[in-house]
1. Taking the criterion of being out of contact with any helix residue (DSSP H, G or I) (no Cβ under 7 Å at 6 or more places or on another chain), outside any loop (DSSP other than H, G, I, E, B) and of a type in the set (A, V, I, L, M, F, W, C), would at least one residue in the range 25-40 satisfy it?
2. For the range 99-140, which positions are within 20 Å of the chain's Cα centre (by Cα), more than 21 Å from residue 42 (Cβ to Cβ) and surrounded by 11 or more Cβ atoms within 10 Å (Cβ to Cβ)?
3. Search the range 44-67 for residues that are within 23 Å of residue 15 (Cβ to Cβ) and pair each with any residue that is assigned to a loop (DSSP other than H, G, I, E, B) and modelled with pLDDT under 95 when their beta-carbon atoms are under 7 Å apart and the residues are at least 6 apart or on different chains.
4. Quick one: in the range 50-78, which of the residues that are surrounded by fewer than 19 Cβ atoms within 10 Å (Cβ to Cβ) and of a type in the set (A, V, I, L, M) is nearest to residue 19 (Cα to Cα)?
5. Does residue 82 satisfy the condition of being more than 28 Å from residue 138 (Cα to Cα), touching a Ser or Thr at 6+ places or on another chain (Cβ under 6 Å) and either of a type outside the set (Val, Ile, Thr) or in a helix (DSSP H, G or I) (or both)?
6. State which residue is modelled with the lowest pLDDT when the search covers only the range 129-169 and only residues that are of a type in the set (Ser, Thr, Tyr) and more than 30 Å from residue 66 (Cα to Cα).
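The values are calculated or read from the model by the stated rules, or taken from the named source; none is laboratory data. Bear in mind that the values here come from a model prediction, so they are computed numbers and not experimental data. For neighbour counting, all protein chains shown are included, and Cβ atoms are generated from backbone atoms with ideal geometry for every residue, glycine included.
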Amino acid sequence: MPEEKTLERAHRDEEEGKAPSTQAGEFVREEIDHVREGKHGARSTKQAIAIGLSKARRAGVKLGAPKKGTQSTAVRKRATRDLRKGARPAKATSRTRSRATERALKREGHGAASKASLSRQARTSASKRGATARKAAGRKAASTRKATAKRKASPTRKASPTRKASPTRKTTATRKRSRAR
């Protein structure tokens with residue numbers, strides 16, 4: 001079950017009109033943090049990411065299943081099953097099954113969440129995409145970043161309050177006049 005903070009962040013991303021993959025990123029981040037904290041391990045970075053994406057789909061993020069030819073049929077079937085589970089209210093999970101998966105993951109290492117392995121994973125997945133796709137993703141990221149920055153800086157708020165001259169304070173002009181008399 002995802003943490004409350006993760007669900008809030010994903011919901012905020014959805015309200016801001018961000019892509020389902022961005023919303024799912026919050027769940028992946030949570031999973032990487034779990035591996036780093038030592039809550040459980042992961043056999044590889046790919047596994048940690050897959051667990052996060054599965055959690056996202058089950059939480060109701062409209063992240064589609066991978067296209068045919070990109071992943072195995074088992075992975076695609078699992079993704080569509082997770083999507084269906086996310087569309088309906090959740091049933092109580094089997095305690096035995098939950099404990100079994102938790103114990104199996106605890107036996108795995110924590111190297112999957114290291115900076116080096118995450119960097120390696122990012123580089124290999126980016127190289128598979130091609131230059132055009134990477135460029136388009138960068139452009140889109142820059143445009144959404146600008147849009148959220150504009151929304152955060154609301155025009156109704158002033159940068160600094162204006163100082164008002166108090167009636168008791170004498171200005172330099174009034175001082176000069178009083179000296180001249």
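1. No, the range 25-40 contains no residue that is out of contact with any helix residue (DSSP H, G or I) (no Cβ under 7 Å at 6 or more places or on another chain), outside any loop (DSSP other than H, G, I, E, B) and of a type in the set (A, V, I, L, M, F, W, C).
2. Listed by number, the residues that qualify are 134, 136, 137, 140.
3. Within 7 Å, the pairs are 53/63; 55/2; 56/63; 57/63; 59/2.
4. 65
5. Details: more than 28 Å from residue 138 (Cα to Cα): yes; touching a Ser or Thr at 6+ places or on another chain (Cβ under 6 Å): yes; either of a type outside the set (Val, Ile, Thr) or in a helix (DSSP H, G or I) (or both): yes.
Taking the combined requirement at face value, the residue satisfies it.
6. Pass one, the range 129-169, residues of a type in the set (Ser, Thr, Tyr): 132, 143-144, 148, 154, 156, 160, 162, 166, 168.
If we keep only those that are more than 30 Å from residue 66 (Cα to Cα) too, we end up with 154, 156, 160, 162, 166, 168.
Values: 154: 60, 156: 59, 160: 58, 162: 60, 166: 55, 168: 58.
Step by step, filter the range 129-169, then rank; the result is 166.
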